[in-house]
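Asker: One structure, pasted below without further comment.
The values are calculated or read from the model by the stated rules, or taken from the named source; none is laboratory data. Keep in mind that what you see is a predicted model, and the values were worked out from it rather than measured. All Cβ positions, glycine included, derive from the backbone under ideal geometry; neighbour counts span all protein chains shown. In case anyone asks, the SASA skips ligands and DNA or RNA and just uses the protein heavy atoms, side chains included. Shrake-Rupley method; radii C 1.70, N 1.55, O 1.52, S 1.80 Å.
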Amino acid sequence: MSEFPFYLPASASGEYFCKTNLDLYTSPRCDGLATQAAKGRHLQVLQHQDAALEVCLCEDNYQAWLPSKYCDRLYPASSPYRPVSVSRKEIEVRIPDIIAFTKAAMTVHHHYLWGGTVSPHYDCSGLMQAAFAASGIWLPRDSYQQEAFTQKVSFEELLPGDLIFFKETKRVNHVALYLGEGQYIHSSGKDKGRNGIGIDPLSPDGGEIARTYYQYLFCAGRVFDS
């Protein structure tokens, strides 16, 4: 561990803006994508180690590593990030736009990207986070965190905009957005899905992908806050 690199400008607020979209990694080696930070996001620099900076994204408190060579893609934030409270009533008004975001993401050329939260390539929870964030609502980054963040509802109570969670082993590892009329949209990988975003029925009788995920169906949750 060492002091921040000299070429990182000082920030009076202790936070930085991302000038561009940035890839963030799981370790100082920067050899495994953890998440992405879209242009304009706030982050704090926690430490400098080897050739990377450990950073914390302010909107969701997600920690990851940024290669030091990309320090020039950060600029000091004049004031710290201030979360905005969003009521359930306000969220309900924004749900059509959230759904529209996911459907629009499906129409452009893309593939599933583990760690992807920036267009056009998303993982499952990255698509959910990006869709809600585009409407001013921040969710936690990972699917199991999103499951813990939402208020549980039964499958009989599902409303458009609710999240559907799937669990293969000890914790939730996949998430989808309920569209209504028994359908959900999600970004799925190559092994069990379509290597990208698609719509499937919430049924064991809806085709190979739907059958595969239905066996891992775990619970559903409703977003009540940002």
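Asker: Could you tell me whether Leu177 is open to solvent by less than 30 Å² (accessible area, probe 1.4 Å) and either in a loop (DSSP other than H, G, I, E, B) or within 28 Å of Lys39 (Cα to Cα) (or both)?
Answerer: When the stated conditions are applied, Leu177 passes them.
Asker: Another question about this same structure. Cβ contacts < 8 Å: first residue assigned to a strand (DSSP E or B), restricted to the stretch 112-124; second residue open to solvent by 40 Å² or more (accessible area, probe 1.4 Å), any location; separation 6+ or different chain. Result?
Answerer: Taking only residues 6 or more apart or on different chains, the pairs are Val118/Asn21; His121/His111; His121/Tyr112; His121/Leu113; Tyr122/Tyr112; Tyr122/Leu113.
Asker: With Gly189, Gly198, Gly193 as the choices, which residue is closer than 28 Å to Val93 by Cβ and open to solvent by less than 30 Å² (accessible area, probe 1.4 Å)?
Answerer: Result: Gly198 is the single residue among Gly189, Gly198, Gly193 that is closer than 28 Å to Val93 by Cβ and open to solvent by less than 30 Å² (accessible area, probe 1.4 Å).
Asker: I've got another one for you. Consider Ala10 carefully, then state whether it is hydrophobic (A, V, I, L, M, F, W, C), surrounded by fewer than 13 Cβ atoms within 10 Å (Cβ to Cβ) and at pLDDT below 95.
Answerer: Details: hydrophobic (A, V, I, L, M, F, W, C): yes; surrounded by fewer than 13 Cβ atoms within 10 Å (Cβ to Cβ): yes; at pLDDT below 95: yes.
Yes; evaluated as a whole, the condition is true for this residue.
Asker: Out of the strands (runs of 3 or more DSSP E) lying entirely within the stretch 15-75, which hold 1 or more residues that are at pLDDT 95 or above, open to solvent by 30 Å² or more (accessible area, probe 1.4 Å) and of a type in the set (Phe, Trp, Tyr)?
Answerer: 16-18, 22-25, 62-67
Asker: Cβ contacts < 9 Å: first residue farther than 25 Å from Ala12 by Cα, restricted to the stretch 30-51; second residue open to solvent by 20 Å² or more (accessible area, probe 1.4 Å) and aliphatic (A, V, I, L, M), any location; separation 6+ or different chain. Result?
Answerer: Partner pairs satisfying both residue conditions: Cys30/Ala51; Leu33/Leu113.
Asker: Quick one: which of Tyr214, Tyr178 is over 17 Å from the mean Cα position of the chain (by Cα) and aromatic (Phe, Trp, Tyr)?
Answerer: Tyr214
Asker: Something else: For the stretch 153-174, how many residues are part of a strand (DSSP E or B), buried (at least 17 other Cβ atoms within 10 Å of the Cβ) and not aliphatic (A, V, I, L, M)?
Answerer: The total comes to 4.
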